[in-house]
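One structure is given below, encoded as structure tokens.
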Amino acid sequence: MAVQLSEIGAFARKHDPDRFFCALFAPPEPREALFALIGYQHELGRAREAASNPMIAAIRLQWWRDALEQPRRHEVATPLRNAMAAGLLVPADLLAMADAREAELEEEGIPSRAALGAYLRGAHGGLAVAAGRMLGAAGPELAALQAVGAAHGLAALLRATPALAARGRCLLPLDLLAEAGLTLHEAMAAPGRLAPLIRELAQPPAPPRSWPAALIPAALPALLARRDLGRLALGRPARRGTADRMALLLAAWRRRA
């Protein structure tokens, strides 16, 4: 018999099926909080994507910062606050995720590979840290999970780069573009010229490692990142398929990701 998803579970499945599937390996209470965290990440990403200009995007980000402190009627904000009230999510982690998204608002682009790394560690690694803390991670485990989240975020960014460029956005670092003889505007005008840069940036993360069973839901995106970045490094499309889901199941059983 099919399991009835909560509203926030259905939201997470619709908007981020990868992380939704990973969250299914968590026990029921933290699983719902993970769904809320996934929903929050999606809404932060939409701040710039759905806005016509950076100022409106900044207002959207501030709305979410405010929603962490005061009740807001929203399909994600309500379960997110419930998770915070239950002590499953730490407000400081969620605020840091929102702050990291400010890098997406810079009309002049992300200046360097170091700045790109900081953005990925904050915006995407921050989600993995929040998830890991909820599941009992501490110290070096949190640092390892932050790297997992950053790698997963890099894979998602590189997959989306051609489509973003076609819409007039580019998050590849300016120093790498300059080395390729491209300005930001030239990169957005000719997305096809970004393929070599995508291959250069698509370096797979560290090899698989063993994880405590409790942390598997937060660690599994490492496997997806490794598979996606490996494909991108070869110039192949990183499309999600049945083989990826089977690999996740095997990784969860082995507790290696």
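Please treat every number below as a calculation from the coordinates, not as lab data. Predicted, not measured: the structure shown is a model, and the values here were computed from it. Neighbour counts run over all protein chains shown; Cβ positions are idealised from the backbone, glycine included.
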Checklist entry - Can you give the net charge of the other residues whose Cβ lies under 14 Å from the Cβ of Glu49, counting K and R as +1 and D and E as -1? => result +3
Checklist outcome for this item: Scoring only Lys, Arg, Asp and Glu (+1, +1, -1, -1) among other residues with Cβ under 12 Å from the Cβ of Ala128 yields +1
Checklist entry - Taking a ≥ b ≥ c as the square roots of the eigenvalues of the Cα gyration tensor of region 157-223, is the shape rounded (a/c under 1.5), prolate (a/b larger than b/c) or oblate? => result prolate
Item to check | Within a Gaussian network of the chain (alpha carbon springs, distance under 10 Å), most fluctuating of Ala26, Ala36, Ala85 | outcome: Ala85
Checklist outcome for this item: In cubic angstrom per residue, the convex hull of region 123-162 built on its Cα atoms measures 44
Checklist entry - Quick one: length gained pulling Arg193 to Glu107 fully straight, 0.36 nm per residue minus the C-alpha distance? => result 28.9 nm
Checklist outcome for this item: Here the relative contact order (percent) of region 7-254, from C-alpha pairs under 8 Å and at least 6 apart, is 18
Checklist entry - Summing -39500 (n - 2.57) over the DSSP H runs of n ≥ 4 in the chain and dividing by its residue number, what mean residue ellipticity at 222 nm do you reach, to the nearest 500 deg cm²/dmol? => result -20000 deg cm²/dmol
Checklist outcome for this item: Residues other than Val148 with Cβ under 11 Å of its Cβ, Lys/Arg counted +1 and Asp/Glu -1, net out at +2
Checklist entry - Can you give the alpha-carbon Rg of the chain over 2.2 N^0.38 Å, where N counts its residues? => result 0.98
